[in-house]
Every structure is written in C-alpha cells, then in structure tokens.
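What follows is calculated from the coordinates using simple rules that are stated; it is not laboratory data. Computed from a predicted model, the values in this text were never measured in an experiment. A quick note on method: Cβ atoms are made from the backbone with ideal geometry, for glycine too, and the neighbour counts reach across all protein chains shown.
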Amino acid sequence: MATTAATPTFAPKEAASYGQTGIWSWITTVDHKRIGALYLYTALFFFMFGGLEAGVIRWQLAQPNQHIVSAEFYNQLFTMHGTTMIFLAVMPLSAAFFNFLIPLQIGARDVAFPRLNAFSYWIYVLGGIFMTLPIFFNSAPNGGWFGYAPLTTLPFSSGLNIDFWVMGLQILGISSLAAAFNFITTIINMRAPGMTLMRMPVFTWMSFVVQFLLILAFPVITIALVFLLFDRFFGTNFYEIAAGADPLLWQHLFWVFGHPEVYILILPAFGLVSEILPTFSRKPLFGYNVVIYSGIMIGFLGFGVWAHHMFAVGMGATADTIFALTTMLIGIPTGVKIFNWIATMWGGQIRFATPMKFAIGLISLFTIGGISGVMHSSPPADLQQTDTYFVVAHFHYVLFGGSIMGILGGIYFYFPKITGRYMSEKLGTWHFWSTFVAMNLTFFPMHLSGMLGMPRRIYTYDAGQGWDTFNMISSVGTLLLILSTLIFVINFLKSRKHGEVAPNDAWGAGTLEWSIPSPPPDYNFAEIPVVTSRYPLWDLKHPDRTAGIAHSAPDVMTITDAHAVPVHEETARKTAAELGIPMPFNTVKPAIAALAIVMMFGGLLFTHKGQFALAMTITIGSACLFVGTLYAWLTSPLE
Amino acid sequence: MASAVAHEPHEHTHYTTTGLDNRKVAIWAFIGSECMLFASLISTYLIYKGKSIVGPFPHEAWTAPDGHVFKAILNIPVTSQSTFVLLMSSLVMVLALAAVENRGKPGYAGTLLGNSKLWLGATAALGATFLGYQAFEFTSFVHEGLTIHTNLFGSSFFTLTGFHGAHVTAGVLWLLTLLSIDIKRGLTPKDAILVDICALYWHFVDVVWIAIFTLVYLIK
C-alpha cells in the first residue's frame, strides 16, 4: 500500500530497526533477515523434535518384540515424525534461506510484501505448535503423513487425532502459499538493474521453481483436506465408499500434491550446493544454463509422476507404464545436475571447508537415493519394494542425504553472513563425519531389511526373520545421529557469540550477498548495485581471472538509474536514517491475523466434543478478528 | 551517488524489474494458484458424476425405493439468468476500472462513464444478485431433497458451487471496500492498481463460473 501513500511519514526513530532487541521487536519485525532467522531457529527446533520422535521409533524397533511404546502411540510417532520433518522442519528450513537470501541475492532491500512475510512465519509457528502439542496428550495425528482416506474418515478414525492433522496442514498450507506469492513477486519484480533471469544465482533460481510448485501443488491438497474436513465435520460423502465414493480419490489428490512436494523439499538444497560448490572450487558452476533448465524440467515433470506412489493399487498396465516412463524421465534432469556439480569441482582449486564437505556429502548420498528411486520407477520392482523398509531407506537417502545435508551445508556457508561470525571448523568437521557415518549406519541397513520383507509402519516384529541385526544397526546409527546433531547445536550456539569474526565476503564467493557487511544492515544495500554478470564479485576482485571464462560475459553498464551504482563492496555501517532509506514499520498485525486464522480452525475442533455453539462462537469470532486485522493492516502505511 | 539517494527518500515510485506494480504480479500468481484449487474441485465433481447410488440426480428424475419421485434437480433456465447477471458484472467492472483510470479526462469528467461509484456499486450489486440466486438455488434444492449429505452429487455439487459462491462473496466485500474508499476520498488514477487487481480477481471468478456452468449445468 505504501506506493499509494501520498506523503510517506518518514520517522527516523521508528525506521531505525537495525540493532533492535527484545522479544517485542521479534514479534513485530517485518525485516526479511530477522524473519529468516526466526524461521531458522523455529525449524531447527522442530527438526530436533522430529529427530527425537525418530529416536523413540528406533528405540522401539532396536530389538524384536519390544514394548517401549504402545502400538497406538507408535502410530502417532511415525505420523508426527514424517509430518514434522516435512512440514515443520525441511520446508521451513528452506523458507529460512528463501527469506534470508533471495532479497540479498537479487539486490533488493526486502521482499515484495514484508508484512505478508511476517504473516507467513506466524502462521507457520502457530500451526506447528497446533500440530505438535497433541502428542503430549496422546492424541497426535496417527494416520501417516499421507493420511489416506477413507482410513482417516470418521468411522475409522474417531477422536481428535486426525482433526489436528487436517486443520494443522490447512493452516501450514496458508503459510506456504502466502510466502510463495511473496517470493514469486519478489523474484520477478525486485531484481537489481542488470540482474537478468539468466544471471540470477542458482539458489534463487531453484527457489523460484519451488515457489511455482508450491502455488500449484498446495491448492490440490487444500481441496483434498477440505473434502476430508467436510466428511468429518459436516457428513459429506467424498470418501464414503458406501455412497459410491472412489477409494482412490484421496490417493490421487494427495500425490498430485505429494510428488511435487518432494521437489519442494529437495530443490532448495540443490540451490544451496550450487552456491557452495563453485565457491569452494573457485570455478563458476559448470553448465549454469543446463542446471537451471534441469531445475525447471524437474518442476515441470514433477507434476506428471504422482501415480508411481500408487503402483500397488492396480491402476492397470497403461497407467502404470506411463507413470513408470515419466518417473524414469525425471531421473534425467536430476542426474544432469549431479554431473554438473561433479564437473564444477573438476579441475578446481578445492578447499574442503565444512560447507563443501556437506555439499559433496549431498552429491554422494543423494545419488544413492536417486538410484533406488529409479529402481522404484519400474512397477514390477516397485511391487516388491512398496511398503517395505527399502522405500524408507530410499526416501531418507534423498531427504536426509539430500535436503538435510544441503541445508546443513547451507547453514555452515551462510552462518557468517547471518551472524557475522564463522562456525567452528573443527566442530564442523566432527559434525560432518559423524553425521555422514551415522546417516549411512542408520539408513543403509534399511535397504536390506526391506529387501528381506520388513514392512513399514509396524511397531514391532518377531525375532528370526533376518531383520534383527539390521534393525539394531539402524538404531545404533540413530543414536549416533542424535549425538552428531548435538555437536552441531553446540557449534551453532557457541559460534554465534564466540566464533571467528567474518568479513563481508566470508568465503571468496561471487554473488551479491557477499558484497555487503556481515550481518547485513537492515536496508541490505546502501546503494542498489547494477549487475553485469553471474559472479559480479569475482569480476570485481579477480578481473584478470574471470576474463574469458564463460560465466556469462560481463556487459558494459548501460542501465542508468539514479539509485543504482556498479557492484562494489559496502563497508560503511550507517543507519537507514542516515542514508535516507525508508524502512517498513514494525507491526504486530500480521501476528494477530495469523493467530486469528489458527483459532478459526482450532475452534472447529469443539464440534466433535458436542459443543457446536462454542465452536461456532470461536470460529466466527476469530474470522471477524481476522477480517478486522486485515483491514487495519491494509489501511496502515508500510513505511 | 549516495547523496543522490539521500536526497530523494520520499520518491515513492519504487523501481520494479518489470515495471509492473508488485501487487499485480502477486495477483496473477494468486490466480494461477486458484486455477489449481478449482481444477481439483471440478475434477472431483466430474469424477463423481453418475456415481451417486441414490438420487436426486442433476439431469435425470429418480424414483426412490419408497415410490417418491424426485425430478431432475438442476434448473437451467434460472441458472442461465444468474450466469447472465454475473457476466454483466464483469462488464460493469471494466467500466469501473476505466472510470478510475481516466478520472478527469475528456469524455469521463462529469459523465456517466466517469462515475466510478456507480460502476463499482453496480458490480457489487450484480455480484450480490448472483449470490441471491445461489441462495435461492441452494434452498430449493434442499427442499427438493438434495443436501450436502444426500449423495456424491450433493456433496460435490454444494462444495464446488459453494466454494465459488464464497469467492464471489469475498469479491463483493472487496468491491464494497473500494466503493467506500471512493466515497470517502475518491479513487484517483494513482489508485487504479487497487481497482485493477480487484478486477482481475473478479474476472477470474467469472471465468470459473463459465467453466462450472458449462461442465455442471449444460453438459448432461
């Protein structure tokens, strides 16, 4: 709304948010970097929580016929482990990087809609609490992260467990969608002069693809969940087989969302390693264009492979063949990226700093997961593997070996930019190697127990089926994984205050975010730079070495913009007020609007307790609060 | 260069890469997302078409086991009227935008064409009329024995058209908000973006209705 405000009331006092402290400043912040930090801390918390859930699962499965937890609670554990890791850990960890990095990488001062950005975060954290709390009351969701209906409909799943899941995912969907509209607009519309699409850093590019996946995939699960919600609360028949409903409707709708979701989880990590590898190889990314096109291709094909999750339901030879072929096809652009990363390292001056170790870890581990993925694309093979631990091994190699390794590498890489200090290289090395070993120890034996027929989601098993040793190894691996994560936590917390101080350009990287101070001032760029190539900072610092290298030819600066100057290192630390840069006001309205939305869904829960009037009072009251807050928000000036 | 920046902090024409307003880019992304939302609803309706075990049915009469006869439930003449009303609302929406964009220009200043309040009000009124038709349709269906619980047709029909109706309702509220701003301080060509994004949303909701009317009502 700011662009329409006739006379912006520029108040230096309010505008100087840089260096703000106190809880209230965090609740009301609209700065993309602070919101990114909030995402990072919250998502890491949920990552630990989901990890502990996995820890209990592995404790239960360590030996045959154990009864550490009940079968019922085990259902809640594996449901919440999956749901937490996907929606509350990996997606928001990616969102932390979207928030922090996208404006910095494209040379913008903030995202397109700073307050909407705060709104996304608050919806996420409140929705996350909404989903997570029930596990302490033994009423957490228990239908698997995929929540297959009709199993999750009222006759088969009474109780609030599934309600928390349905409502929780709806709430989190709003967060992802709002954020995606924001980032699409930011990337399309807020690039610095000269930052053409084909000069954008690869992380921004992969994020761009992910935002499109989000806005196109999430509406589908929204509708699937609306059907389930209506079935459960208002007695509709969408998943009611007796009324003639199709038992596959949910599966189709869910996986039309669910498979693009897989790429939503992995592409940001691909983007991060595409920043790390060139930096630590001192070479431009090999085949930049092809990496970008592959990313787009993955996003595009990602919508055409969903039914490979459903080979076992018997769709018939035609459907099976088509989805087998598209699934094999999507392996190609993914493989292309792997080769591009390897070629980037080829002949480079490699420095094995911690981020680089994790990036290489991703390449090796993701490749294993990718190969077992291609195995699943063949329906006859898949029929043997489906619902066994082989599949569990597969997707943990791509999600832990891929997404988490990439994100951890990203945290080590960008920590100096976020905090102004390096993380400890020594602890980082310990963290990497222990994670690498523990990860393989945990997940590799699952290939074998799966091949021997161990089904997923069973809470215990009999001895003597050949699974005992493999399960014990997996459980020991998980314990080690928890310990290695502890090293990370110590490193993270210690380095924040006591790490070695980092300069602007902590690693000798080539993209815009490294040209500004660490941590960046609240306005990011004192002067908006004009971008002339893909690695402008390398052109600036090593003109002799970049000349003639095909990382897109630097062109003559032709754009004339009063606010734009050639790329340079910014060192002066002035406040926004001194520079005369208008900053958005802090506001609590997005947080209130988010709270209203969560209460709106939460209120509905009381209908199952027979308190319809109370439910409607809370829901309608919260809806009014939301609309009121929205009006107040939209009519108050941004800056 | 720094001084150049410092001297014009009040210059509020933000540089954008495409030259488009951020809100316009965002609303297009939003509409893209909404396409998938309605695609899911419409697909489900079509998948469940003819799958209901008990009536009433959309296009055929049905005799219940107890001998009660339900007639084909969709009333195409009445819905054609409401469809016409909604389409006309898009026309006046275009006029509303033109009136705000061309405020004060020859041919608009002081003329009917330039009366943005009238056109915004008319759009909202036509939208509300459409909603009235829908309320009438829903009530008469319930009286004829079709509720959201009755069968797959009832569930998918009410959910699909109900979602569309909710979108129209949001649009009407949006239009009324613009109207109240227009009455309070007058919308100027600078505010055209506010009307523009509302118009894009409104036209989209109309286009969705054309799809629903064709696929649900016209095709048997």
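Odds and ends about this structure:
- Proximal lysines relative to A:Lys417, as straight alpha-carbon distance under 30 Å, when same-chain residues fewer than 8 apart are discounted: A:Lys13, A:Lys33, A:Lys283, A:Lys337, A:Lys357, A:Lys426, A:Lys494, A:Lys497, A:Lys541, A:Lys574, A:Lys589
- Reachable lysines from B:Lys105, criterion Cα separation under 27 angstrom, eight or more residues apart if same chain: B:Lys24, B:Lys117, B:Lys184, B:Lys190
- Cβ-Cβ FRET estimate between A:Thr617 and A:Trp26, R0 fixed at 35 Å, reported to 0.05: 0.65
- With θ taken as phi - 60° and the Karplus curve 6.51 cos²θ - 1.76 cosθ + 1.60 applied, the whole-hertz 3J(HN,Hα) list for the stretch A:173-184 is x, 4, 4, 5, 5, 4, 5, 5, 4, 4, 6, 4 Hz, x standing for glycine and proline.
- Other-chain or far-sequence residues with amide H under 5 Å of A:Thr388's (modelled H): A:Arg456
- Only the Cβ atoms of Lys and Arg (+1) and of Asp and Glu (-1) were treated as charged; on that basis the dipole of the stretch A:226-367 about its Cα centre amounts to roughly 860 debye.
- Under 16 Å from the A:Ala632 label point (7 Å along Cα→beta-carbon), backbone N, the stretch A:22-41: A:27-29
- Across all directions, the shadow cast by the convex hull of the stretch A:20-91 built on its C-alpha atoms averages 6.0 square nanometres.
- Degrees separating the helix A:288-301 axis from the principal Cα axis of chain A, which is the longest one: 30 degrees
- Other residues within the sphere of radius under 10 Å centred on the Cβ of A:Phe203, judged by their own Cβ, net out at -2 (K and R +1, D and E -1).
- Two-site label geometry, A:Met198 and A:Ile332: point separation in nm, points 7 Å out along Cα→Cβ: 2.1 nm
- Cα centroid of the stretch A:606-624 to Cα centroid of the stretch A:242-267, whole Å: 30 Å
- Interchain or long-range residues, amide H under 5 Å from A:Ser518's placed H: A:Asn504
- Volume per residue of the convex hull around the Cα atoms, evaluated for the protein assembly as shown, comes out as 173 Å³.
- For A:Val530, the residues 5 or more places off, or on other chains, whose built amide H falls under 5 Å of its own are A:Val565, A:Val567.
- Spin-label pair B:Thr111/A:Ser70, simplified geometry with 7 Å Cα→Cβ offset, distance in nm: 7.7 nm
- For the stretch A:354-520, the fraction of alpha-carbon pairs in successive 10 Å shells from zero, as %: 11, 32, 27, 17, 10, 3, 0
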